[in-house]
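**Q** This structure is in structure tokens; I'll ask about it shortly.
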Amino acid sequence: MSFKNTSYTKSEIEIIKKAAKVKSISVAQESFLAIVNKIYLFDGISNRDQIVRMTNNVSFKKYAKGEVVFNEGQKSKDIYFVLAGEVAVVLPQLKNKVVAKIIGGNMFGEMAFITDEPRSATVVVNKEPTTIIKFGIDTDKHNDMFSYPFSMLYKNIALDLTRKIQANNR
């Protein structure tokens, strides 16, 4: 790709070249895109290419009852979405007290994504079988070209956390 007679800077041309590259996607990402309209985290982001560029390490996993999805203190920024089944959020320091149950159609793990701190609770599968999608958000792509999708993503996380707080206060 070459640029002639433009007023683009060298760094802008590099950004354009990177954005123009077609990213090959995995089978998991293709499956993810097939159902992404059911994941409210991506509400307002209709461009599939933007979603592909934003997400990474997409995986689907079926869990058995009692399996740990992640432990308190674990370092990870991945976000999880329960496709079917149920998980329990437990606090080991409170003798594994269940503080929340998350059913199919809901996400968890977003707090560690936002705060960049270790997991604040342990998540255990509460119902068998439970299918969960795990994915990362590529925050390195958060620049002017992708500012709208990222602002929608953060808005949707804020709405989800607000909904959870309201439900907890009832």
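The values are calculated or read from the model by the stated rules, or taken from the named source; none is laboratory data. The structure displayed is predicted, hence computed values, not measured ones. Using ideal geometry, Cβ is built from the backbone for each residue, glycine included, and neighbour counts are taken over all protein chains shown. Note: areas computed on protein heavy atoms with side chains; ligands, DNA, RNA excluded. Shrake-Rupley method; radii C 1.70, N 1.55, O 1.52, S 1.80 Å.
**Q** Can you pull out the residues in the stretch 82-97 that are open to solvent by less than 20 Å² (accessible area, probe 1.4 Å) and at pLDDT 95 or above?
**A** Val87, Ala88, Val90
**Q** Here's another thing I want to ask about it. Just name the residue that is nearest to Asn156 (Cα to Cα) out of those in the stretch 41-77 that are of a type in the set (A, V, I, L, M) and surrounded by fewer than 18 Cβ atoms within 10 Å (Cβ to Cβ).
**A** Among residues in the stretch 41-77 that are of a type in the set (A, V, I, L, M) and surrounded by fewer than 18 Cβ atoms within 10 Å (Cβ to Cβ), the one nearest to Asn156 (Cα to Cα) is Val68.
**Q** Moving on to the next point. Ile157 - would you say it is among the β-branched types (Val, Ile, Thr) and at pLDDT below 90?
**A** no
**Q** Follow-up. Modelled with pLDDT under 95, more than 24 Å from Ala34 (Cα to Cα) and open to solvent by less than 10 Å² (accessible area, probe 1.4 Å): is that true of Ala100 in this structure?
**A** Values: modelled with pLDDT under 95: yes; more than 24 Å from Ala34 (Cα to Cα): yes; open to solvent by less than 10 Å² (accessible area, probe 1.4 Å): no.
The answer is no for Ala100.
**Q** A further question follows. Out of everything in the stretch 49-87 that is under 22 Å from Asp160 (Cβ atoms) and acidic (Asp, Glu), what residue ends up being nearest to the chain's Cα centre (by Cα)?
**A** Top of the filtered list is Asp78.
**Q** Restricting to the stretch 77-97, what's the tally of residues that are in contact with a Pro (Cβ under 8 Å, 6 or more places away or on another chain) and more than 15 Å from Phe32 (Cα to Cα)?
**A** 1
**Q** What are the residues in the stretch 116-133 that are open to solvent by 70 Å² or more (accessible area, probe 1.4 Å) and either β-branched (Val, Ile, Thr) or part of a strand (DSSP E or B) (or both), if any?
**A** Hits for the stretch 116-133 are Lys127, Glu128, Pro129.
**Q** Taking the conditions exactly as written (under 14 Å from Ile137 (Cα atoms), among the hydroxyl-bearing types (Ser, Thr, Tyr) and either open to solvent by 50 Å² or more (accessible area, probe 1.4 Å) or at pLDDT 60 or above (or both)), does Ser7 satisfy them or not?
**A** Details: under 14 Å from Ile137 (Cα atoms): no; among the hydroxyl-bearing types (Ser, Thr, Tyr): yes; either open to solvent by 50 Å² or more (accessible area, probe 1.4 Å) or at pLDDT 60 or above (or both): yes.
No; evaluated as a whole, the condition is false for this residue.
**Q** List, please: which pairs have Cβ atoms under 8 Å, are six or more places apart or on different chains, and start with a residue in the stretch 152-170 that is of a type in the set (S, T, N, Q) and end with one that is in a helix (DSSP H, G or I)?
**A** What qualifies is Asn156/Tyr40; Asn156/Leu41; Asn156/Phe42.
**Q** So Lys38 passes all but one of these: (1) surrounded by 13 or more Cβ atoms within 10 Å (Cβ to Cβ); (2) closer than 21 Å to Asn156 by Cβ. Which condition number does it fail?
**A** Condition (1) is where Lys38 drops out.
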